[in-house]
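S.K.: The structure under discussion is supplied below as structure tokens; questions concerning it will follow.
Bear in mind these aren't lab numbers, they're just calculated from the coordinates by the rules spelled out. This is a predicted model, so every value here is computed, not measured. Reconstructed Cβ throughout: ideal geometry from the backbone, glycine too, with neighbour counts over all protein chains shown.
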Amino acid sequence: MSNEWGVEEQEVLLGYLLGDADLFARCRSVTEPRFFDARLRGAVKFIIEFADQYQALPHPDQIAARTKVMLSPIPHTAQQDKWFEDAYQSFCRRKAMELVALDALDLIGAGHYGEVERRMKDALTVGLPSNLGLDYFADPAARLAAMRDKSNMVRTGWKDLDDAMGGGFLRGGLHLLSGTSGAGKSQLLQNLAINWVEMGMHVIYYSLELREDYIGLRFDAMLTGRTTTEAFRNPEETALTVKQFGRNNKGSLHITKVSEAGTTAADIRSHIKNYTIKTGHKPDAILVDYLDLLYPMNKKLDVSNLFVKDKYCAEELRAVAGEEDLLCVSATQLNRGAVEAEDFHHGHMSGGISKVMTADTLLGIMNSLSHREKGIIDLQIMKTRTSNKKDAKITLSCDPDSMRVTDLPDGAGQQDRRPVSELRKDLKHKPGGPPREGGAPPSSQETMNRVQAIRAKLSGGSGATTPT
């Protein structure tokens with residue numbers, strides 16, 4: 001058949017479909033009336049509706065009576081099915097791309113660039129389903145070995161968090177840091193960037209708020225161990241330290257300011273493609289500061305409906321991470337109810353709860369005045385798909401001058417971080433805690449230390465004291 005796909009050739013395709021109900025079922029997902037000539041669209045629409053309702057194909061006489069189109073089923077062999085599947089996929093893909101091309105000028109004229117990219121991508125991927133999924137019984141040993149392979153799990157650079165998360169963050173997923181205004185969402189994102197550069201990774205930091213040079217100054221402070229003011233006032237020393245850090249590490253860091261008025265996941269995908277072309281390598285990780293300021297690619301969506309807006313933005317950003325096989329971390333806001341909360345929950349999320357459903361990881365940042373005075377930050381695991389440590393809390397050290405976040409001394413961040421309600425029960429019923437390994441009861445000193453730690457938290461302390 002030619003590439004023009006005239007009416008007669010399209011009738012042959014429909015004849016093959018009418019000749020085999022199983023073949024039609026395999027092709028149903030890519031069959032659309034708009035792909036066919038105007039004279040055949042009514043017949044195609046009738047065939048689809050009939051098959052969906054009755055789970056059978058209509059007789060040619062039924063099609064003719066309803067649409068005035070006479071189609072003849074074509075008997076064929078299994079060997080001819082392969083030719084038909086290739087031909088039909090080619091036809092549907094070509095027609096889908098033609099439709100995008102016809103609409104592209106109007107969409108571009110209206111500024112809907114993301115919609116053009118999305119529709120072109122959908123058109124290029126038109127095809128018959130070929131992935132049958134995991135054959136559970138085929139090779140369980142290989143499946144388990146693949147799960148033990150942590151190559152798709154990347155450490156955050158904070159050991160206590162990595163241990164609680166089952167190894168770190170998954171490539172291809174969406175990982176969110178949440179906190180109230182001023183809690184340190186950008187600070188944590190920037191610290192992650194440095195951690196990953198130290199691991200030799202190529203990182204892009206997207207900012208929808210601050211200018212590139214100001215974010216750069218924050219990185220200067222973290223690398224020099226100074227305040228941003230001191231780093232700015234000593235440009236020669238700062239430049240020397242930054243250059244030396246870059247030479248000592250094989251990773252790279254690009255800071256990119258994008259508009260807070262209308263940036264979509266499609267814009268980020270486009271920038272990643274351009275970055276890859278110009279640098280000769282793909283990024284390993286992107287940090288987007290932050291999710292709540294992104295816009296959905298579909299400009300027709302009502303962005304005042306935060307549930308819908310956040311759902312699409314989160315799904316589209318996660319899709320970019322999956323397609324590019326990279327780490328993606330962003331941030332989102334917690335509402336005022338979280339300001340005095342001792343434990344976060346999903347009701348503290350600002351905007352649409354839908355983004356929580358999409359995220360693979362959700363970490364809540366606790367950074368009160370008491371935390372800052374002690375030079376610590378607590379991270380509560382509000383959601384994770386890689387471990388059973390939901391609601392666990394991890395304490396990290398935070399330099400108040402440079403804003404650098406690091407692990408506490410060994411073991412100091414591993415503490416009893418259960419919700420206050422559980423701690424009350426523990427204090428009332430089991431002040432000595434569970435038996436130690438081997439069944440030996442805790443000593444009186446250990447019991448007293450535990451009781452004092454619990455009482456300190458219930459009286460308003462952060463609960464982050466170092467165990468004795």
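S.K.: Per 0.36 nm of contour for each residue apart, how much would the distance between residue 237 and residue 386 grow if the chain were fully extended, relative to their Cα-Cα spacing?
M.R.: That pair, residue 237 and residue 386, stretches by 49.4 nm at full extension.
S.K.: Give me a comma-separated list of calculated 3J(HN,Hα) values for the range 353-359, in order, Karplus coefficients 6.51, -1.76, 1.60 applied at θ = phi - 60°, integers in Hz, x for any Gly or Pro.
M.R.: 5, 4, 5, 5, 5, 7, 5
S.K.: For each of 366, 153, 201, count neighbouring Cβ atoms within 10 Å of the residue's Cβ, then give the residues from fewest to most.
M.R.: Listed from fewest to most nearby Cβ atoms, that is 153, 201, 366.
S.K.: Same structure again: Using the 10 angstrom Cβ neighbour count as an exposure proxy, how do 361, 227 rank, fewest first?
M.R.: 227, 361
S.K.: How long are the semi-axes of the equivalent ellipsoid of the range 7-124, defined as square roots of 5 times the Cα gyration tensor eigenvalues? Whole Å, largest first.
M.R.: Here the semi-axes work out to 29, 16, 12 Å.
S.K.: Calculate the FRET efficiency for residue 256 and residue 345 from the Cβ-Cβ distance with a Förster distance of 35 Å, rounded to the nearest 0.05.
M.R.: That gives a FRET efficiency of 0.55.
S.K.: Based solely on its DSSP helices, what 222 nm [θ] is calculated for the chain when runs of n ≥ 4 H residues each add -39,500 (n - 2.57) and the sum is averaged over all residues, nearest 500 deg cm²/dmol?
M.R.: -14500 deg cm²/dmol
S.K.: Based on the Cβ-Cβ distance of residue 212 and residue 399, what FRET efficiency does E = 1/(1 + (r/R0)^6) give at R0 = 22 Å, to the nearest 0.05?
M.R.: Approximately 0.40, to the nearest 0.05.
S.K.: Mind checking Rg over Rh on the chain, alpha carbons, Kirkwood formula for Rh?
M.R.: For the chain, the value is 1.09.
S.K.: Got the relative contact order for the chain handy, in percent, Cα pairs under 8 Å and 6 or more residues apart?
M.R.: 14
S.K.: Moving to a separate point now. Using r as the Cβ-Cβ distance of residue 277 and residue 62, and R0 as 41 Å, what FRET efficiency do you calculate, to the nearest 0.05?
M.R.: Once the sixth-power term is evaluated, E becomes 0.15.
S.K.: I would also like to ask the following. Which residues make up the longest stretch of the chain clear of chymotrypsin sites (Phe, Trp or Tyr not before Pro) that lie in a DSSP loop with no more than 14 other Cβ atoms within 10 Å, not counting the sites?
M.R.: In short, 138-468.
S.K.: Quick one: what are the phi-derived ³J(HN,Hα) couplings along the range 91-98, Karplus 6.51/-1.76/1.60 with θ = phi - 60°, whole Hz, x for glycine and proline?
M.R.: Coupling constants for the range 91-98: 4, 5, 5, 4, 5, 4, 5, 4 Hz.
S.K.: What ³J(HN,Hα) values, in whole Hz, does the Karplus curve 6.51 cos²θ - 1.76 cosθ + 1.60 give for the range 223-240 when θ = phi - 60°, with x put for Gly and Pro?
M.R.: 7, 8, x, 10, 6, 4, 5, 5, 5, 6, 7, 10, x, 5, 5, 4, 4, 5
S.K.: Here is a further query. For the range 103-197, evaluate the Debye formula with one uniform point scatterer on each Cα (no solvent term) and list log10 I(q)/I(0) at q = 0.11, 0.15, 0.23 Å⁻¹, rounded to two decimals.
M.R.: -0.70, -0.93, -1.12
S.K.: Sticking with this structure for a sec: I'd like to know how the range 153-407 sits against the 2.2 N^0.38 Å rule of thumb: what's its Cα Rg over that expected value?
M.R.: Compared with the compact-globule rule of thumb, the range 153-407 sits at 0.97.
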